[in-house]
Amino acid sequence: MSKRHDAVFDDVLKDLGPAAPAKDRSGARFLKRSNTMAEQASGQRQEKVLRLVDPATCVMWEGHNRAYDLLTPENCKDLIDGILSQGQQEFPAIVRRLPEGAARAGHAAGGGKVEYEVICGARRHFAISWLRANNYPKFQYLIEERVLTDEEAFRLADIENRDREDISDLERARDYARAVAAYYGGKQSLMAERLQVSEGWLSRYLQLAKLDDRIVVAFGSIREIRELHARQLKPLLADPRTRDAILAEADALAAEQKGEGVPVARVLARLKAVATPPKARAVADKVYRGRTDENGIQMRRRGAKVTLEFHRDMSDKALRDALEAFLKDRAAGK
């Protein structure tokens, strides 16, 4: 029993006098231990071993679904501030131990050996590493070590990060494309079943992963690209008559992104515009003018509708003359 619980126990019994039963701490501890063992045996209780380690002893798993090099103090500010506020990392990262002699083990900063690869917890790793390098050397990386196959590690990371907005659609799509080949023999249906998602949903992300790198660069950052963008561009890129024009415009946009940058909506609009030929202007059914040397009014019929067009600089007199000619024809049923 804790000291606090002991104090409560003493307070309850103090007024009972000699008849009060003696407090048997050993019996309470034995009962608590017995309950714990029973819960573990029944599967109702699971013990996890957590460790605090130097983040330099951990490397990102090569199958991690987050682009670690895109993490910055700015996009991890919420996590960094939370760790500072709580005085510690609240939730452990999931890691697995590197095999002895693994090529990626190397050595950590300060001479320590790299022992773990991070399955889930890249942002936590970045935040703790950043804090240690910026006047908070006492912070350590909280980890939970597990024994996992690569496929289990992939599914675990996907479950943790699927609904997170700080992972881009393209990062997720590339992770799925790698996984379907590595773990599921290229079978989308099997992968969808294991992830418990629809085949249609998974297929859209796998299509995004195939997006031409020149298009990706045109958006400026992989964080800006959405699955919807790829879906809209797919039929235009599949048409050989428009693909070259789109890629050329993508190259121009990529160059502009190095300067002031181009907003996402504008990027998409320009890529779609070069693939859409301008609509041919319909030939006027008739032109009305007062004199042959004047600008006239062009009249076009489209079903039951009639459209009249004239130049904005057309004089009032020329406009009146042309309108009178139109009205005269209209009255005559022409």
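Just so you know, all these numbers are worked out from the coordinates, no wet-lab data involved. Predicted model only: the values in this text are computed from it and were never measured. FYI the Cβ positions are ideal-geometry reconstructions off the backbone, even for glycines, and counts take in every protein chain you see.
Neighbour counts of other Cβ atoms within 10 Å put Glu294, Glu249 in the fewest-to-most order Glu294, Glu249. Once the convex hull of all Cα atoms in segment 286-331 is built, its volume per residue stands at 68 Å³. By the count of other C-beta atoms within 10 Å, a proxy for reagent exposure, Ser168, Ser203 are ordered fewest to most as Ser203, Ser168. Taking a point 7 Å from the Cα of Lys48 along the Cα-to-Cβ direction, the residues of segment 70-89 with backbone N closer than 16 Å to it are 89.
If the chain linking Ala133 and Glu256 were pulled fully straight, counting 0.36 nm for each residue of separation and taking away their Cα-Cα distance, it would gain 40.8 nm. Around Asn75, under 14 Å between beta carbons, what's the net of Lys plus Arg minus Asp minus Glu among the other residues? Around Asn75, the charge tally is -2. Based on the Cβ-Cβ distance of Ala284 and Lys210, what FRET efficiency does E = 1/(1 + (r/R0)^6) give at R0 = 41 Å, to the nearest 0.05? Working from the Cβ atoms, E equals 0.35. Modelled this way, with points 7 Å down the Cα-to-C-beta line, the labels at Lys305 and Gln188 are 3.9 nm from one another.
Rounded to two decimals, the Cα radius of gyration of segment 211-274 over 2.2 N^0.38 Å is 0.99. Distance between the pseudo-spin-label points of Glu74 and Ser198 (7 Å out from Cα toward the beta carbon): 3.7 nm.
Which of the pairs Lys113/Lys210; Lys305/Lys328; Lys210/Lys258 have their Cα atoms more than 29 Å apart in this structure? Over 29 Å Cα-Cα: Lys113/Lys210. Applying the Karplus relation 6.51 cos²θ - 1.76 cosθ + 1.60 with θ = phi - 60° to segment 165-173 yields 3J(HN,Hα) values of 7, 7, 10, 6, 4, 6, 4, 5, 5 Hz, where x marks Gly and Pro.
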